[in-house]
Amino acid sequence: MAAGDLSPDEQWPLPPAWMWDCAECVRLYEAMKHVQAVIAGLHATEGYDVDWDITDSVVGTQISLSRHLADAHPQELPEWDPACTTCAGHRQALARTDRAPDMRAGTEMVAEEHRARHLFAPPRMVGLM
């Protein structure tokens, strides 16, 4: 299947140019793409449909990259996407004032990771977390 055959919701965006100036962004992005290729290869040749190792899984590598982006480049995170229902859910969670400080910190961390995923993941995958 060619990239042109994918719906816009499934296409991987080209990361912004500033990410290529950060060695850690490059390392984490390449690790993520490598794991995706390995899992796709296993699926194609062995019929595997599940990535069993959460520590270096497709999801794990995406979380590592999004966490780095949120920590090291918070000023570069995109604004909330008004068309993204997951963004709306995170904004609602952040608006709650009845959370304990440690719960608030976790809510903020997950929300920042979600915003970061808009930089490098397809819309279909961004909406999952």
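Some notes on this structure:
- Residue-span extension gain [VAL38 to VAL59] - 0.36 nm each, minus C-alpha spacing: 6.2 nm
- Protein accessible area in segment 58-128, 1.4 Å probe - carbon and sulfur %: 56
- Per-residue ellipticity at 222 nm from helix content only, as computed over the chain with -39500 (n - 2.57) for each DSSP H run of at least four residues, stands at -18000 deg cm²/dmol.
- Note that the chain presents 62 Å² accessible area per residue, ligands and nucleic acids not counted, probe 1.4 Å.
The values are calculated or read from the model by the stated rules, or taken from the named source; none is laboratory data. What you see is a predicted model; the values in this text were computed from it and never measured. Heads up: the accessible areas ignore ligands, DNA and RNA and are worked out on the full protein's heavy atoms, side chains in. Shrake-Rupley method; radii C 1.70, N 1.55, O 1.52, S 1.80 Å.
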